[in-house]
1. What are the residues in segment 112-129 that are open to solvent by less than 30 Å² (accessible area, probe 1.4 Å) and in contact (Cβ under 8 Å) with a residue 60 or more places away in the chain, if any?
2. Which one is surrounded by the most Cβ atoms within 10 Å (Cβ to Cβ), of the residues in segment 204-239 that are of a type in the set (Asp, Glu) and in a helix (DSSP H, G or I)?
3. Within segment 240-274, how many residues turn out to be at pLDDT 90 or above, assigned to a helix (DSSP H, G or I), under 21 Å from residue 158 (Cβ atoms) and in contact with a helix residue (DSSP H, G or I) (Cβ under 7 Å, 6 or more places away or on another chain)?
4. Do we have residue 315 as in contact with a helix residue (DSSP H, G or I) (Cβ under 9 Å, 6 or more places away or on another chain) and either assigned to a helix (DSSP H, G or I) or in contact (Cβ under 8 Å) with a residue 12 or more places away in the chain (or both) here?
5. Among the residues of segment 178-189, are any closer than 22 Å to residue 136 by Cβ and open to solvent by 60 Å² or more (accessible area, probe 1.4 Å)?
6. Any idea how many residues of segment 143-152 are buried (at least 20 other Cβ atoms within 10 Å of the Cβ) and either farther than 19 Å from residue 241 by Cβ or in contact (Cβ under 8 Å) with a residue 60 or more places away in the chain (or both)?
7. Looking at (1) in contact with a Lys or Arg (Cβ under 9 Å, 6 or more places away or on another chain); (2) under 24 Å from residue 268 (Cβ atoms); (3) in a helix (DSSP H, G or I); (4) without any contact (Cβ under 8 Å) to a residue 40 or more places away in the chain, which is the one condition that is false for residue 180?
8. Mind listing whichever residues of segment 153-177 are within 27 Å of residue 274 (Cα to Cα), open to solvent by 30 Å² or more (accessible area, probe 1.4 Å) and not β-branched (Val, Ile, Thr)?
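The values are calculated or read from the model by the stated rules, or taken from the named source; none is laboratory data. Quick caveat, the model's predicted, so the values are computed rather than measured. Every residue, glycine as well, gets a Cβ built from its backbone with ideal geometry; the counts of neighbours run over all protein chains shown. Just so you know, the surface numbers come from the protein's heavy atoms only, side chains and all, with ligands and any DNA or RNA stripped out. Shrake-Rupley method; radii C 1.70, N 1.55, O 1.52, S 1.80 Å.
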Amino acid sequence: MTDAEPGKSPDNPWPVRAVSTRVAKYIDKLGTIWVEGQIAQLNLRPTVVFIMLRDPAADMSLSVVCPRDLVENAPVKLGEGVQVIMQGKLQFHTGRGTVALRVNEIRAVGLGELLERIERLRKLLEAEGLFDPRLKRPLPFLPNTVGLITGRASAAERDVVSVAQTRWPAVRFAIRNTAVQGPSTVAQIVDALRELDADPHVDVIVIARGGGDIDALLPFYDETLCREIARCTTPVVSAIGHEPDNPMCDLVADVRAATPTDAAKRIVPDAAAEQAVIRDLCRRGGRALRNWVHREQHLLDQLRSRPVLAAPLAALTARSEEVHRARAAARRDITRLVAAEADRVGHLSARLATLGPAATLARGYAVVQTLPDAAVLRTTADAPSGARLRVRVADGAVTAVSDGPEGIPPK
């Protein structure tokens, strides 16, 4: 059986010295490199200086070792928070199993270069739409709780809290004290932002800091912080520095306040001013209501003054009189017509009575009929001898027997 390759099995492991030697050789192949970062810690020793170089955009650091005279002769005074560029070579210390960058040149990040980088970042974020006004979230009129991110016992904290409580005494704060300058600023503010944004009771978040030069405000130009502000679902107010200061986070935030005092004025309303507005609205509302009532009352008075409402029965009374006159006229005309027709009927009745057979009978005439067919006797030939006759007179009728026509002897 063939032995396994060294380091590939538990039967043939590498010793620590072999691993350390190989790691040192691998790291040595990287050669000379340039590194940029912020000085987070600086320890001066008699001959060497130990520096902890930190990435301002991430929680990562690198150990740096350099000669003391290189630090003392640096182009700028080196201290915590200073942004630098270092040239050196990574070395793996086999004895301790640590990696350090041995530096042979240090350059400070110049203002012009720094501003150029900031401008490139601004154009990048603008191209991605992080400055778009349409993405800005409106501030609530009266927030339930205000999240405040600022330095511990800072003037910015006092300004925001005191001014906000003066304007609205019932305002509540959730304060998160973080570093506002130095290499740990971005990481601490990002953590505080995430914590406050996840709190359902926080309705608005304020990031406040006093003024300073561009080196002091450099963390607020950081890309990581700007993207975290844009990612928040809670409205964010940026109150960094004074009026002339305009760090990158001001452009990403939903509202940019010129100062911490201005931020306090923006996040809560002024109770006295709101009460004055309410009183003015009440006066204006009462005046408008009274004017409306007066207009409606005037309209009702106009409607009531119209004849149809002022004397609603007048039209009926006038029509009633017309109806009475029309009824009287109709009654009079009908009576006159009935009387005239009655006279005419009387005249016709008199004429009819005069012309009728009853009047003739009353004058002594009679109507003779043959029996049994009751035919009116018109000629003597209709009443031969022995014919039975009915003689009708004015008061009745009698029967008779015909002896035949006169002058003709019976047979």
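1. Scanning segment 112-129 gives 114, 118, 121, 125.
2. That would be 228.
3. Residues flagged as at pLDDT 90 or above, assigned to a helix (DSSP H, G or I), under 21 Å from residue 158 (Cβ atoms) and in contact with a helix residue (DSSP H, G or I) (Cβ under 7 Å, 6 or more places away or on another chain) within segment 240-274 amount to 6.
4. yes
5. no
6. 5
7. Here residue 180 meets the rest and fails (3).
8. Hits for segment 153-177 are 157, 158, 159, 162, 165, 167, 168, 169, 170, 172, 173.
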